[in-house]
Each structure stands twice: as structure tokens, then as C-alpha cells.
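Heads up, the thing below is written out as C-alpha cells.
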Amino acid sequence: MTPEERAEKVKRLRQELVDIKYHVTDEYLEQFLIARSWNIANAKEQLLRTFEWRETNRIGDHPVATGENKLPVLYAVRGYQSVPDSNLEARPGVSESVLRINKYMGGACLHKTDKEGCPVYIERLGYHRAKELAKNAKVEEVQGYHIGCNEFLHRVVMKDCSKAAGRHINRETVIFDCTGMGWYQLHMPALYFIKAIADCDQKYYPETLNKFFLVNAPSAFVYVWKIVKAWLDPGTIAKIQIIGSDFKEPLLKQIAPENLPAFLGGECTCDHMDGNCVPSQVLKNAKPLVPNEKNEKVDTAYNADIMEQGKTSDIIRGPSFYGREKYT
Ligand SMILES: [Zn+2]
């Protein structure tokens, strides 16, 4: 499809949306068109369902951490302008469920950008304690946490990356590092968490993936992949590269060495931060996350009072999701 044909489809979808009260960018409309194979009626249907979901659940009021509001981050971040380098910590306001979930996670960090200007999300999947996670967390808690992370990614970090790149950035590059993975991780209840997350992203955050690298995949992973693949859209599957131990070259093709952690073949070590590039509770390279009475046991990512403040305070709510910004 030529750029002109794409622009025409976007224009036609916009004409179908005369009644909507949001000012959405062409890039946002294009995400839905790509996800629905450029079928305008189907893209419109998915878009309206997304608006409805966001309104019903007041997703737009979800608090997001910014340099200005100083809310605690929900996972480690490195290398962005609008929020200082920080780790997930047991600070007041983060829900107890977020801290509990992370206790069993191998480590996650939104770490700098790739050569296209997209943020890079790194997860040390191989160190996840899948069985403990499934036993100790509810799917609603994992979803609540995931939505909090998604809103932060799209409303704070993507806008930051767009400003830096001078163009609209609405996709992230993901690296799942399978180092450490074994048969014990082939645990169906834990895989259902992945299904819940993939369902949410494919329905309400379509086409937000740039590249997806699964590195150091052991042979056991083939079985996991067979199960997970059935839950993913063909468009998502097409972006996933499964690589064994020879991951260095493909990663460096996408990410400059100074932006890629040393343990993935780059030169970055984030020496200034506890836990370095990707802090991990399981590997115990960062401060332990011990909840106290200031971390409430709720399904949402932040405590109830902070979630409530998001409904009335622009500062707590942070930037809006539907951008009208121009980056060029
Ligand atoms: Zn680093």
C-alpha cells in the first residue's frame, strides 16, 4: 500500500468518527487500521470499543509517574527526559500487589531507545518464578499492574521519545531474555497471565509493538511458544524474532551499543543505579521490595487514594492519552 493510499484510509476512518469527542492523531487511527488489515468498518468497531473501555474504567484518569508529580514508578526506567532514572521501590502509594508481583519477576526495565527512537522494554523472563507468581497473584492484579505500566509508557515515555526523535513514536521494542529458563516455567496458570496481558494489548493498545526479540530461548521454550502463539494476532507473531545464543548481532542491528545492556551484548552498565540496567528481585541485585501499611492491597497499581486523585488532578493524571501534539 502506498503512503497516499494509507492516508486516504485514515481520512475515511476519520470521516466515520464524526461523533467522537476525542481529538486523535492520524497515527493512532492508523494503528487500528493496521491491526484490522485496513478494513475501515472493523477498525472503527475496535476503536469505539476501546473508547468505551477507557471511559467505563476511567483509564484516562489512571495516575502516571512524571518528573513533575514525583509519583513512584511501577518498573525501572532508564534514559528518558520527563522522568528521572528510577527503580520500582516499596515507596508509599505503590500498591502491595505490584510489589508482590515483582517479588517473583526476573526483572523488568524500560531501558533507553532503539535506533528508530522507540523505547526498549527488557524483561528477564528466564528468571521469573512462574509457579510462585501464579500462586500468589490474581489475574485482576496482574491486569491492574499492566494497565498502569501501559498508561505510563504511552502517556509519558512515548511522548518523551517522540520529542527526542522529532516524529511520532507510538511503538516499543521488546526484549525478553530467556537466560535461566527451565522446564519449571512451563506452568499453565502463569501462562494465562500472559494471555490476559496479550488480550488487553491486542484489543485496546493495538499495533504498539515495534520489534520483539526473544533471546537465549532454550529448547523447552518451543513448547511454551506453541501455547502462547495461539493467543496472538498474526501481526504480533510476525514481529517476534526467536533467537538462541547468537542474539548479539540482531540486537545491535536494532539498538546502539551504548543503549544496550552489557549482558545483552551492548556496552551499557547503568553503574549509577542500584540493580544496574535491569534490577531483579529474583537475582537480588536491587533493594528488596518489602510492603508496609502504606502499600494497600488493591487490584490497581497505585493505592486507592492516588487512583482517586487522578480523577481530579491534572498533575497526578499526567499527560493525556490521545495526543494532539505535533513533533515535527
Ligand atoms: Zn543500562
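The values are calculated or read from the model by the stated rules, or taken from the named source; none is laboratory data. Owing to the predicted nature of the structure, the values given are computational and were not obtained by experimental measurement. Here the Cβ is made from the backbone with ideal geometry for all residues, glycine too, and neighbour counts use every protein chain on show.
Before moving on, here are some points about what is shown:
- Of all residues in region 106-136 being in a helix (DSSP H, G or I) and among the basic types (Lys, Arg), the one that is nearest to the ligand (Cβ to nearest atom): 131
- Residue satisfying condition, being part of a helix (DSSP H, G or I) and under 26 Å from residue 35 (Cβ atoms), within set 175, 227: 227
- For region 274-308, a residue qualifies if it is within 16 Å of the ligand (Cβ to nearest atom), closer than 19 Å to residue 104 by Cβ and among the hydrophobic types (A, V, I, L, M, F, W, C), and the qualifying residues are 278, 283, 286.
- Count of region 55-84 residues which are aliphatic (A, V, I, L, M) and within 16 Å of the ligand (Cβ to nearest atom): 4
- Single condition residue 266 does not satisfy, out of (1) within 13 Å of the ligand (Cβ to nearest atom); (2) surrounded by fewer than 14 Cβ atoms within 10 Å (Cβ to Cβ); (3) among the small types (Gly, Ala, Ser): (2)
- Scan of region 193-245 for residues that are modelled with pLDDT under 90 and among the aromatic types (Phe, Trp, Tyr), ordered by number: 221, 223, 225
- Those residues of region 12-26 which are closer than 17 Å to residue 39 by Cβ and surrounded by 12 or more Cβ atoms within 10 Å (Cβ to Cβ), in sequence order: 12, 13, 14, 16, 17
- Looking across 33, 71, 99, one residue alone is modelled with pLDDT of 95 or more and touching a Phe, Trp or Tyr at 6+ places or on another chain (Cβ under 9 Å). It is 71.
- Candidates in region 88-128 are the residues that are among the hydroxyl-bearing types (Ser, Thr, Tyr) and surrounded by 24 or more Cβ atoms within 10 Å (Cβ to Cβ); of these, the one that is farthest from residue 63 (Cα to Cα) is 97.
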